[in-house]
Amino acid sequence: MNDSPFVESLRWLAEPSRWSGPAGIPLRTLEHLGYTALGILLAALLAIPLGLAVGHTGRFKGLVVATAGAARALPTLGLVTLFALLMGIGLTAPLLSFVILAIPSLLAGAYSAVESADRATVDAARAQGMTELQVLTRVELPLGMPLLIGGVRGATVQVVATAMLAAYVGNGGLGRYIFQGLGSQNYPQMIAGSLLVIALALVLDLALLLIQRLSTPRGLRAA
Amino acid sequence: MIAFENVRKEYPGGTLAVQDFSLEIASHESLVLVGSSGSGKTTLMRMVNRMVEPTAGRVLIDGDDVAALDPVQLRRSIGYVMQASGLLPHRTVLDNITTVPVLRGTAKREARERAHDLMETVGLDPALASRYPSQLSGGQQQRVGVARGLAADPNILLMDEPFGAVDPIVRSELQRELQRLQHELRKTIVFVTHDIDEAFLLGDRVVILRPGGIIAQVGTPQEILAAPADDFVASFVGADRGARTLHVERVDGRDVVVDADGRAAGVLAGERPS
């Protein structure tokens, strides 16, 4: 009697040989995390300063919100394919797609973090003689930190769940199990790969939720 | 000395907050700007530390046009106490008080020592130093706000309805403390309020403003009560309702001062003027 593919996938995961070696789950997971981290980092370098500037000055807000909204609508699989056709097989194409995927959440997190600071508090800080940079770094940013981390959290979950597409154009990561399984009609392996991606996404989400909670300034938690 | 020379403030939308205002405020004087909302009182006060830039005219401090001074340095040299305290919610009482000295580069330890002294000066229990603003009562928050305004020992103190958000009992307590402080410190104070009683209590001189920053009357509380310039002032100070008209009644051999409604206001000290 054949077991269901789901039970087969659990059996696939339980096989000790899968948990070591260059094609093993730990290494693939690390690769997967690496792509995610790199994508988020590059996107953050671009989106967070831009979001902070928009939130602090209130300028170009409409433009940025509209652009970020439009970027959310882009299908990532389509982007990976397009970039791979333009730039060839390798990490550049998927990474660029992950960056584009991550930017809207990071941007929204950054500008809403700055905007969330009470205007009277910001006015008081400026009236005491803080420079604009000091107002941003000593008042707006600490007060909005949970929202900023919320943006990072949203972007991370999206990218970690999408990072399996890296394997679609010849890279590693947990996507390898999924696309190999697809090619050889090995559905238990596909399900196992998917389960690993889901588990990783949940773990990261919870970890960032914890960081988000801890980033609430003490004076606000006391209230 | 602070001098307003024909200042005007017009907002981009066309709102005219202040039409044409001129006034000199002497050093060590406590001057109160009083008026209803739309009188431009806060706008005028905020021109002193360049939180508002006049559309026309000049504001001078000891002869220097503030427009020529760096706004950040200017603000660090002027104390600012605002309504609902404006404290940084994520910083402790002590860190809030030391904000300006730390910005000015005073060593942290020195600033903290001074902050402890200041807490005593404004009547705060030093045990509150490590608390956060949200853990304090409204009155305590205002005291922290005053201590922060005084921390860098500024010559000028701007106070924007600082006691507007606390209950009447705490307010009169804070007003008395401010009188005591001013007696000791002799700062130049520009105080904004819509409460005429507060204005008469705290001002060496009081400026009563009409909408648009137009001066209805300037003078000491005594001068204004003795001779309200017009019906607007009379109505503003309550003279028209008889609220300021007191007379003396003889009760049990003592002179009791009674207002127009017959409510006792106090007892007359010394000889009854004949």
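Size of the dipole of chain A about the Cα centre, Lys and Arg at +1 and Asp and Glu at -1 on the beta carbon, nothing else charged, in debye to 20?
Value, rounded to 20: 320 debye.
What 222 nm value per residue comes from the helices of chain B, counting each DSSP H run with n ≥ 4 as -39,500 (n - 2.57) and dividing by all residues, nearest 500 deg cm²/dmol?
So the helix-based figure for chain B works out to -9000 deg cm²/dmol.
Check cross-link reach from B:K108 to the aspartates and glutamates: straight Cα distance under 13 Å, and skip same-chain residues fewer than eight apart.
In chain and number order, the partners are B:D95.
Under the definition of partner shielding as Cβ atoms of other protein chains within 10 Å of a residue Cβ, what is the mean value for peptide B:122-135?
2
Using only alpha carbons, build the gyration tensor for the protein assembly as shown and give me the equivalent ellipsoid semi-axes, biggest first, whole Å. Could the numbers behind the result be given before it?
Working: eigenvalues 871, 118, 77 Å².
Each semi-axis is the square root of five times an eigenvalue, giving 66, 24, 20 Å.
Using just the helices of chain A, give the 222 nm mean residue ellipticity in deg cm²/dmol: DSSP H runs with n ≥ 4 each add -39,500 (n - 2.57), and the total is spread over all residues, rounded to 500.
Calculated from helices alone, the mean residue ellipticity at 222 nm is -24500 deg cm²/dmol.
How many angstrom lie between the C-alpha centres of segment B:9-44 and segment A:1-74?
56 Å
Just how far, in whole angstrom, is segment B:56-114 from segment A:138-176 if you go by their alpha carbon centroids?
Their Cα centres are 40 Å away from one another.
Stretched out fully, how many nm does the piece from A:L214 to A:L45 gain, at 0.36 nm a residue minus the Cα gap?
58.6 nm
For a quick check, take a GNM of chain A with Cα springs below 10 Å and name the residue from A:G21, A:G109, A:G34 with the largest mean-square fluctuation.
A:G21
So for chain A, taking the charge dipole from beta-carbon charges (+1 Lys/Arg, -1 Asp/Glu), which of A:G151, A:L27, A:A113 sits furthest toward the positive end?
Towards the positive end, the residue furthest out is A:A113.
Taking a ≥ b ≥ c as the square roots of the eigenvalues of the Cα gyration tensor of chain B, is the shape rounded (a/c under 1.5), prolate (a/b larger than b/c) or oblate? Could you put the intermediate results ahead of the total?
Values: a/c = 2.17, a/b = 1.27, b/c = 1.70.
It is oblate, given that a/c is not under 1.5 and a/b is not larger than b/c.
Does segment B:36-163 classify as rounded, prolate or oblate by the C-alpha gyration tensor (a ≥ b ≥ c root eigenvalues; a/c under 1.5 gives rounded; else a/b over b/c gives prolate, otherwise oblate)?
oblate
Straight distance only, please: which lysines reach the Cα of B:K9 with their own Cα at less than 20 Å, same-chain residues fewer than 8 apart left out?
Correct list for B:K9: B:K41.
Can you pull out the GluC sites (Glu not before Pro) in segment B:203-274 whose DSSP state is coil and whose Cβ has at most 11 other Cβ atoms within 10 Å?
Of the GluC sites (Glu not before Pro), the ones in loops of segment B:203-274 whose Cβ has at most 11 other Cβ atoms within 10 Å are B:E271.
Please identify every one of the trypsin sites (Lys or Arg not before Pro) in segment B:148-226 that sits in a loop by DSSP and has no more than 14 other beta carbons within 10 Å of its own beta carbon.
B:R186
Given a Förster distance of 51 angstrom, what is the FRET efficiency for B:V248 paired with B:D65, based on the Cβ-Cβ distance and rounded to 0.05?
0.50
Laboratory data are not the source of any read-out in this text; all were calculated from the coordinates shown. Keep in mind it's a predicted model, so treat the numbers as computed, not measured. Neighbour counts run over all protein chains shown; Cβ positions are idealised from the backbone, glycine included.
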